[in-house]
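Participant: Can you keep this structure in mind? I'll have questions shortly.
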Amino acid sequence: MLKFFIMEVRSEKMEQAKQESEKIRLSGLDKNELEALMETLGEKKFRAGQVFSWLYVKNAKTFDEMSDIKKDLREKLKECAIITDVKIKTKQISSDGTLKYLLEYKDGNTAECVLMRFDNRANLTACVSSQIGCAMGCKFCATGRRGIIRNLEPYEILEQILTIQRDTGLKVTNVVFMGQGEPFNNYENVIRAIELINTCLTIGIRRITVSTCGIVPKIYDVSNEDLVPTLAISLHAPNSVLREKIMPVEKRYNLADLKKALQHYSEKTGKRVTLEYVLIGKLNDTKECAAELAHFMKDLKCNVNLIPYNPVEPCDNGALTFKKPDKKDIMKFKYILEASGKKVTVRLERGADIDAACGQLKGKMELAQNGKS
Ligand code: SAH
Ligand code: SF4
């Protein structure tokens, strides 16, 4: 009898789970799509505006919160829709206020996003992932070592910012695509995500930055988009020989072609690019490298951001050793670049105590899980 009862409860639960997965997910729908949904539900179009505002302005977590929406519509929505299917798996808070989330998607895959608060409290920057893993295999990068699993959908990217807003009650003001993944290997979805971030979350296009390791054809493509984000380029070496050793992408799209693409981007859009340069102790942080980098930047409209290398878990990198740069070498490097007339920033370590660097939290979770089995 008890067995029969348990089986019945189980099948009820399974039915419920099936029904949940068949429901329409509202998060990620734009105004037009919400209007179409209202029409199908036999509701007036203007209701879409109310739902839009609860989803994207008031960051509602439940239908019951949507107090100015008439009760019968809320009930209808509960029956046929869910707000989101993305869950927070873990959340870490750094002593400097940086928050790091590991999100779990519908298929069980996970990706990270980070909220950084800079001194100017008005600026809240979300760092988002564009893929689960990455195919580019940069030698110094934890994500690159694990390979690619899949692209993220536009709503899965948008959800990273929405999750932060729902969880903190704060409004994100800036977005950088600097989490896991190579955004330009997931070009269409990233462009759609940018559109959603801009129109649904009203984050200005000047406050959206895409970081790429230099997928040259996509730099030309993005220059022609209606919404052109700011570009950050992971350069990390001032010449092809050294770059090829640490970034396999150099074999496909070399520095000379990358430079031409960046010149085109700036001419077409008027925008300045940021060159990112991870300083790796005694590998690419020498005075000679700085002089070569200064020369490379001469005919580019750019700033440069120096990022002290953040050690990732040990692995075999052939003949190369990766270590943190010495403070005095960072200062020398910076000085040489500044003397060439460019604006140079050194990236502050954010969330160092919670591994808020490219791919590190996920790596640790995977290691812990592997260790258990
Ligand atoms: N795939 C894109 C977006 C990721 S951005 C790109 O590479 O640009 C993540 C930034 O952190 C990149 O500039 C990347 O090169 C850098 N990074 C990766 N591993 C790092 C490490 N161990 N220490 C410091 N920076 C790292
Ligand atoms: Fe991919 Fe960027 Fe990491 Fe290179 S640095 S492996 S492109 S995520």
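Taken together, the values in this text are just the output of simple stated rules run on the coordinates, not laboratory data. Note that the structure is predicted; figures quoted are calculated from it, not measured. Neighbour counts are summed over all protein chains in view; Cβ atoms, including those assigned to glycine, are modelled from backbone coordinates with ideal geometry.
Participant: Run the simple label-point estimate for residue 19 and residue 122 please: 7 Å along Cα→C-beta, distance reported in nm.
Facilitator: Spacing of the two 7 Å Cα→Cβ label points: 4.9 nm.
Participant: Would you mind computing Rg(Cα) / (2.2 N^0.38 Å) for the range 260-302, counting N as its residues?
Facilitator: 1.35
Participant: Here's a follow-up. Quick one: of 251/334; 91/282; 44/87; 45/78; 268/301; 287/324, which pairs are farther than 23 Å apart, Cα to Cα?
Facilitator: Violating the 23 Å limit, Cα to Cα: 251/334; 91/282; 44/87.
Participant: Also, I was wondering about something else. Treating only the Cβ atoms of Lys and Arg (+1) and Asp and Glu (-1) as charged, compute the dipole magnitude of the chain about its Cα centre; round to the nearest 20 debye.
Facilitator: Dipole magnitude for the chain comes out near 900 debye.
Participant: Quote the charge dipole size of the range 180-222 about the Cα centre in Debye, to the nearest 20; the model charges only the Cβ of Lys and Arg (+1) and of Asp and Glu (-1).
Facilitator: Values: 4 positive and 4 negative charges, 36 e Å.
Around 180 debye, computed over the range 180-222.
Participant: For residue 149, list long-range residues whose amide hydrogen, built 1.01 Å from N in the peptide plane, is under 5 Å from its own amide hydrogen.
Facilitator: 132, 133, 134
Participant: So what's the gap between the Cα centers of the range 246-316 and the range 115-164, to the nearest angstrom?
Facilitator: 20
Participant: Starting with the fewest neighbours, write out 273, 216 ranked by other beta-carbon atoms found within 10 Å of each beta-carbon.
Facilitator: On the way: 273 23, 216 20.
Final ranking by Cβ density, sparse to dense: 216, 273.
Participant: Right, something else. Looking only at chymotrypsin sites (Phe, Trp or Tyr not before Pro) in DSSP loops with at most 14 other Cβ atoms within 10 Å, what is the longest site-free stretch of the chain? All intermediate terms of the calculation are to be shown ahead of the outcome.
Facilitator: Values: sites that count: 46, 118.
So the longest stretch without any such site is 119-373.
Participant: Is the range 225-331 best put as rounded, prolate or oblate by its Cα gyration tensor, with a ≥ b ≥ c the root eigenvalues, rounded for a/c under 1.5, and otherwise prolate when a/b is larger than b/c, oblate when not?
Facilitator: Since a/c reaches 1.5 and a/b is larger than b/c, the shape of the range 225-331 is classed as prolate.
Participant: May I ask you to list, by number, the DSSP H helices of the chain whose Cα span along the axis is at least 24 Å and whose average Kyte-Doolittle hydropathy reaches -1.0 or more? It would help to have the intermediate numbers written out before the result.
Facilitator: Details: long enough: 2-22 (30 Å, -0.89).
Span-like helices here: 2-22.
Participant: Taking square-rooted eigenvalues a ≥ b ≥ c of the alpha carbon gyration tensor, is the range 123-215 rounded, prolate or oblate, where a/c under 1.5 means rounded and, failing that, a/b exceeding b/c means prolate? Let's see the in-between values first.
Facilitator: On the way: a/c = 1.93, a/b = 1.74, b/c = 1.11.
Judged from the Cα gyration tensor, the range 123-215 comes out prolate (a/c at least 1.5, a/b above b/c).
Participant: Moving on. Taking amide H positions as placed 1.01 Å from N in the peptide plane, with prolines and chain starts having none, which residues 5 or more places from residue 178, or on another chain, fall under 5 Å of its amide H?
Facilitator: 128
Participant: Here's another thing I want to ask about it. Any of 139/271; 171/259; 61/100 with alpha carbons more than 28 Å apart? Name them for me.
Facilitator: Checking Cα-Cα distances, 139/271; 171/259 exceed 28 Å.
Participant: Would you list 285, 64, 85 from fewest to most Cβ contacts within 10 Å?
Facilitator: In order of increasing Cβ crowding within 10 Å: 64, 85, 285.
Participant: Could you state the per residue volume, in Å³, of the convex hull enclosing the Cα atoms of the range 96-165?
Facilitator: 105
Participant: I've got another one for you. According to the square roots a ≥ b ≥ c of the eigenvalues of the Cα gyration tensor, what is the shape class of the range 59-124, taking rounded for a/c under 1.5, prolate for a/b larger than b/c otherwise, and oblate for the remainder?
Facilitator: Because a/c hits 1.5 or more and a/b fails to exceed b/c, the range 59-124 counts as oblate.
Participant: Here is a follow-up. Where in the range 116-204 are there trypsin sites (Lys or Arg not before Pro) that are in a DSSP coil and have at most 12 other Cβ atoms within 10 angstrom of their Cβ? Don't skip to the answer; put the middle values down first.
Facilitator: Details: sites: 117, 121, 139, 145, 146, 150, 166, 171, 192; in loops: 121, 139, 171.
Loop-located and lightly packed - 121.
Participant: For the chain, what does the helix formula give at 222 nm: sum of -39500 (n - 2.57) over DSSP H segments with n ≥ 4, over the residue count, nearest 500 deg cm²/dmol? Each step should come with its number before you reach the end.
Facilitator: Details: 14 runs with 156 residues, N = 373.
Result for the chain: -12500 deg cm²/dmol, rounded to the nearest 500.
Participant: Something else about it: Which three extents, in angstrom, do the Cα atoms of the chain have along their principal axes, listed largest first?
Facilitator: 75, 50, 38
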